[in-house]
Amino acid sequence: MKLAKISIENFKGIGSQKTIILNDFNVIVGQNDVGKSTILKALDCFFNNKPPTSEDLNKHAETSHISITLHFTPNNLPIIIDENIPTTFEEEELVNNKNELIIKKVWDVSKSKITAETFLLRKKYDANDFLPFNEKQLIKKCNELGIETQKANGEEYNNKEKRQKLREYNRNDEIQYNYEYEKLPTSGSSRFKIIHDSLKKSLPRFEYFKADTSLSETDNTIQKFFKTLAIRTIEKEVNIDDFQETIRKKLQSVLDKITSKINQVVPEDEKVSADITFDWNKLVSTSFKSKKDDFNIPLSSRGDGFRRITMMAYFEYLAEQQATEHQDIIFGFEEPETFLHPSGQENLFSKLFALTENHYQVIITTHSPIIVANTKKKDLIHIFKENGNYSISQHIEDISFIAKDLGINVDNQFVSLFDKAKALLLVEGIDDANAFHYLSAKYKENGLIDETFEELGIAIIPIGGCNSIKHWVSLNLLQQLNKPFLIFQDSDKTSQDDISPNKETLVQMGFIENEDFFISKKRNLENYILPDALNRIAPGAELNYNDWDNVKQICKQHSLAGKLGGKNVVDKHFQKLTFEELRLAFFDGEEDEFLNVYNKLKEKLSNA
């Protein structure tokens, strides 16, 4: 189940209802104190039963009610609402006309005890509204309408089938309907209470990582993850009843003897009996011990740097695990770049984005130009104040306002790093930059060029892919800096006959191929590590792939993934390639792809 939209009303800086559309990956950006974290805090209230207080009520609110409404795409998620027969939210018409499951929570913060009232939007018929009915009521309604409730063999249709027959009757009879919010009870045994219980089990989990904490909450989250894993393992692999009974018998004999001794010395009305309970939630705790430690140290007692590394490793592990329909998690990160050097922020971004590849959702608030720069425009959410009002901008074409909010300009320290460069080679990532530096060193060593990129004064800058904000912002800044530059991008083609999407994008932006930019002649940089070379580096791999295969995926799924480096194969092995292997990969017998890039940059330098 995915979260598609969130609407917030009267919460903190948000007065009248504001709506945010969510993708798998979302980056919320804006100046300080404009309310970026308000969205994450609203989700925390909704998912984690952390009710808002009277202090959270918007100061201009005309009522004491805070409202948060979430839209989900349930994607035919199976649920049970009676008879242990699977159905779906869609089949039971618990979605709107866009197949969205819409849940609203409302808190009256004027009350001494603040609890949420939960509402579910559903289709409600003006007549023959049957959803709340139990089995007897369904049979009665079917009989009233002349709907057969028994099959030819005399067996009763189940309740799900009865409701389906009633829906068909209403459609055929053109019974009018509306979409209305139904308040869901928190007690009793009514149909809507059962729906409420099933709904709670179906919702994603929201993991919220705040900025200005000692990261103890990260420790709690990781501990919770291991405890959940332990409990699931016990449920699947251990007969808990037999296990508990064995322990109970062992303990009971001892407890009975102790209890007897207690009762010998206490008054009659104070005599006690012993009880044994099992709390599997307290089954496991984790700590880290290094070679220099004499004892285990909990994560909460480690320094912020170590805990941030642990958090990133935890994210990376989750990103490598395939999510299942029962593992839906939404991660909310408030300024995750805190405590990280800029070079680490690139790495952090790749780990956070990788979470989405395994079907998790990620929502980030950030001030980091590096994180924002790597983000696709469609995934940006710009929060700003307009005439003192909370404002939201999405699907942004002109990113100059975001650049201004982040302080990105030609005087920015980030840009000043390249002031001394004579020319710039813009590549996708750090691996590409390292690879091109290695190529120039090897080609010089073997006499094909006279100077390396560094000796020529050419800075190689990772700017992300064509669709990244970093690409747009960097190009705008480079034009202002008035330095010659060349772009090199992966083709991302899956066959020889494909049209490179990156080439199309660059042409649409007005750039000329072989003059302003080059597109790789293979799919990605990984494809330039030829199979024979990788088989030499990782004996036993026995790889065989072509120029258009997904080498990252092949290495990630291989039984020797650790040796191959998985998806990080370029970072791990590109600089182990011999000159002969590089030449074979880049020279097709007529043209050398690396020399084309190198010579074009030298030409631009001489013309500057």
Dipole magnitude of region 413-607 about its Cα centre, charges +1 at Lys/Arg Cβ and -1 at Asp/Glu Cβ only, in debye to the nearest 20?
660 debye
Fully extended, how many nm does the chain gain between Lys376 and Gln31 (0.36 nm per residue separation, minus their Cα-Cα distance)?
122.3 nm
Just to confirm a number: summing +1 for Lys and Arg and -1 for Asp and Glu over residues other than Lys444 whose beta-carbon lies under 15 angstrom from that of Lys444, what do you get?
-3
Size descriptor, Kirkwood hydrodynamic radius, that averages inverse alpha-carbon separations across region 489-588, Å:
14.4 Å
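Working out 0.36 nm times the residue gap between Lys183 and Asp588, then minus their Cα-Cα distance, what length gain in nm do you get to one decimal?
139.0 nm
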Which GluC sites (Glu not before Pro) from region 577-608 combine a DSSP loop assignment with at most 14 other Cβ atoms within 10 Å?
Glu590, Glu591
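Given a Förster distance of 56 Å, report the FRET efficiency between Gln164 and Thr246 from their Cβ-Cβ distance, rounded to the nearest 0.05.
Working from the Cβ atoms, E equals 0.75.
Just how many % of Cα pairs in region 413-607 lie over 22 Å apart, if you round to the nearest whole percent?
Beyond 22 Å sits 48 percent of the P(r) for region 413-607.
Exceeding 23 Å between C-alpha atoms, which entries from my cross-link table qualify? They are Lys503/Lys563; Lys140/Lys201; Lys552/Lys576; Lys2/Lys111.
Where the Cα-Cα span goes over 23 Å, the pairs concerned are Lys503/Lys563; Lys140/Lys201; Lys2/Lys111.
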Length-normalised contact order of region 125-165, Cα under 8 Å, at least 6 apart, in percent, tallies to 36 percent
Just need the Rg to Rh number for region 130-175, please, alpha carbons only, Kirkwood Rh.
0.95
Of Ser559, Thr505, Thr452, whose Cα points farthest to the positive end of the dipole of region 413-607 (charges on the beta-carbon: +1 Lys, Arg; -1 Asp, Glu; origin at the Cα centre)?
Ser559
Pop out the Kirkwood hydrodynamic radius of region 87-169 from its pairwise C-alpha distances, inverse of mean 1/r, in Å to one decimal.
15.0 Å
Taking the Cα centre of region 413-607 as the origin and placing charges on Cβ (Lys, Arg +1; Asp, Glu -1), which of Gln496, His437, Trp548 is farthest toward the positive end of the dipole?
His437
So what's the projected area for region 1-116, the Cα convex hull averaged over all directions, in nm²?
8.9 nm²
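Laboratory data are not the source of any read-out in this text; all were calculated from the coordinates shown. Everything quoted here is computed from the prediction, not taken from an experiment. Every residue, glycine among them, receives a Cβ derived from its backbone with ideal geometry; neighbour counts consider all protein chains shown.
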